[in-house]
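Peer 1: Dropping a structure here in structure tokens format, bear with me for questions.
No value in this document is a laboratory result; all are computed from the given coordinates. Since the model is a prediction, treat every value here as computed from it, not as a measurement. No Cβ is skipped: glycine too gets one built from the backbone with ideal geometry, and neighbour counts run over all protein chains shown.
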Amino acid sequence: MSYSVEDNTVHRYNSSFSDRPADVTGLSSIVNNSEATFEGRERLDGEETYRLSLKPDLDAMAATGEVTVTLWLDTDSYFLEKAHMVANSENHTVETTQDYRNVSLNESLSDERFTIDIPDDAEEPGHSGFEMTDYESLSALRSNATQDVPSPDLPDEYSFDHGYIVENDGNTSLSLKYTTDANETIRVGHKSTSGFNYSESDRFETVEVGNQTGWYTEFDNGDSTTVMLAWHHDNSEYTVSGTVNESEVIDIAESIGDE
């Protein structure tokens, strides 16, 4: 919930993440799916820090392109002091820097700090309609989905890990993550509207997915290769990605198309 004093308006948002811990820095997914290398010590604003470089596992993050990350950690608390990330894709480059100052850890906080005093006459205009819900149970996700939930035919070693549904301005998207004991990952996605025009990108080659046209590409992650396949059906977009080969990802896609 947020309140604007100038406009006297209040906005309420509904977002559920299955009671998972909050990601304070927004970097948990990258840190948890990266190989870290210690680069040495470095001073930031006179404070001693440990400098680390990360090699993200883009497959585990369901990401594409190239990503480089550098972190600086406090030598006493190991809390993040600074993060620098460069993400390169076919069409653009995004560079971000995060700095953290005056950080206090494990301090008790009064509930009053999380209470907003909203006037009775505050207006509540329509909000963007964004809502994201995370599910650790496939049956629960299916029960709450308003669109088709794909049932991919996967190798026996893969099991459902978690998934999420996003509602945004009338558009719905969902993502299903399947993993093995060896941390291999396959992700399956479905959007209620087709978005990116894959046929205009030189990165993708056309393949047959049953009687549909699909767009296939590969991303070299150094130690492994991530493949991605996308196709449109009934104004919807489906995607499958993971550390499998071209024929395997097409077979998975066709198992969804046969539903």
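Peer 1: For the pair Asn102 and Glu123, how long in nm is the line joining their label points, each one 7 Å along Cα→Cβ?
Peer 2: The modelled label-to-label distance comes out at 3.4 nm.
Peer 1: Pull up the cross-link candidates among the lysines for Lys177, meaning alpha carbon to alpha carbon under 27 Å and not fewer than 8 places away within one chain.
Peer 2: Of all the lysines, those that pass the test against Lys177 - Cα under 27 Å, at least 8 places apart if same chain - are Lys55, Lys191.
Peer 1: In deg cm²/dmol, rounded to 500, what helix-only [θ] at 222 nm does the chain give when every DSSP H run of at least 4 residues adds -39500 (n - 2.57) and the total is split over its residues? Could the numbers behind the result be given before it?
Peer 2: Numbers: 3 runs with 24 residues, N = 259.
That calculation yields -2500 deg cm²/dmol at 222 nm.
Peer 1: Output ³J(HN,Hα) for segment 231-236: one whole-Hz value per residue in order, computed from phi by the Karplus curve 6.51 cos²θ - 1.76 cosθ + 1.60 with θ = phi - 60°, and x for Gly and Pro.
Peer 2: Taking θ as phi minus 60°, the curve returns 7, 10, 8, 6, 6, 10 Hz for segment 231-236.
Peer 1: Related question: For the pair Ser201/Glu157, report the inter-label distance in nm, with labels modelled 7 Å from Cα in the Cβ direction.
Peer 2: 2.8
Peer 1: So what is the relative contact order for the chain, in percent, with contacts set as C-alpha pairs under 8 Å and at least six apart?
Peer 2: 14
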